[in-house]
Amino acid sequence: MGILTIYLDKATNLKNKDTAGQSDPYIKFAMEQDNMVRDKDYGEMKSTTKNNELNPVYGETFHFNIPSLDNMELSVKVMDEDIISDDKMGKCKIKLEKLGLSETPMRVEEKVYNRIFGKDSYVHLDLSYTE
């Protein structure tokens, strides 16, 4: 078993989903092994919520225990916390096997929302893996 460490630095240029005020974003991480027949789930984790912020800075660290990087996929969802139901602000999937991760953190900036007009939305992560 190994440990995937995710340092959630920040998200940038998030699209406002609220009609009154600004969005209250948080990030959800889900880890799964993308197998031919049956995918295997390795859990979910959630960041804190940043109120009224479209360029939130988190500085939070998360750890997933996984058997290896083979076929592993990190799902990243940016959500807007609301009273009734949370809105999705963006998402991406990162195939960990292709990154060549090691104990040295690697900076990863992934697009979570593609805009036709204006700047795209990104999450900024540092990923590392130790066996």
FRET efficiency, ILE83 to TYR42 (Cβ-Cβ, R0 30 Å, nearest 0.05): 0.45
The range 111-118 - phi-based ³J(HN,Hα) in whole Hz, Karplus 6.51/-1.76/1.60, Gly and Pro as x: 6, 10, 8, 9, 9, 6, 10, x
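Can you give the charge dipole size of the chain about its Cα centre, rounded to the nearest 20 debye, using +1 on the beta carbon of Lys and Arg and -1 on the beta carbon of Asp and Glu?
The calculation lands at about 400 debye.
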Per principal axis, descending, Cα span of the chain in whole Å: 46, 31, 28
Relative contact order [Cα under 8 Å, 6+ residues apart], the range 42-131, whole percent: 20 percent
Accessible area (Å², per residue) of the chain, counting only protein heavy atoms and a probe of 1.4 Å: 58 Å²
Part-to-part distance (alpha-carbon centres) for the range 98-125 and the range 23-63, which is given in Å: 13 Å
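Shape verdict for the range 1-64, please, from the Cα gyration tensor: rounded (a/c under 1.5), prolate (a/b greater than b/c) or oblate.
Prolate, because a/c is 1.5 or more and a/b exceeds b/c.
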Top of MET89, MET36, MET79 by mean-square fluctuation, Gaussian network on the chain, Cα under 10 Å: MET36
Ranking by accessible area, most exposed first, for GLU60, GLU110 with a 1.4 Å probe: GLU110, GLU60
Under the Karplus curve 6.51 cos²θ - 1.76 cosθ + 1.60, θ = phi - 60°, whole-Hz ³J(HN,Hα) for the range 24-30, x wherever Gly or Pro sits: 10, x, 9, 10, 10, 10, 10
Cα gyration tensor category, rounded, prolate or oblate, for the range 40-114 with a/c compared to 1.5: prolate
FRET E, pair LYS28, THR61, Förster distance 22 Å, beta-carbon r, rounded to 0.05: 0.90
Carbon plus sulfur fraction of accessible area for the chain, probe 1.4 Å, in percent: 47 percent
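The values are calculated or read from the model by the stated rules, or taken from the named source; none is laboratory data. Just so it is clear, the model here is predicted, and its values are computed rather than measured. FYI the Cβ positions are ideal-geometry reconstructions off the backbone, even for glycines, and counts take in every protein chain you see. Note: accessible area is taken over every heavy atom of the protein model, side chains too, but ligands, DNA and RNA are not part of it. Shrake-Rupley method; radii C 1.70, N 1.55, O 1.52, S 1.80 Å.
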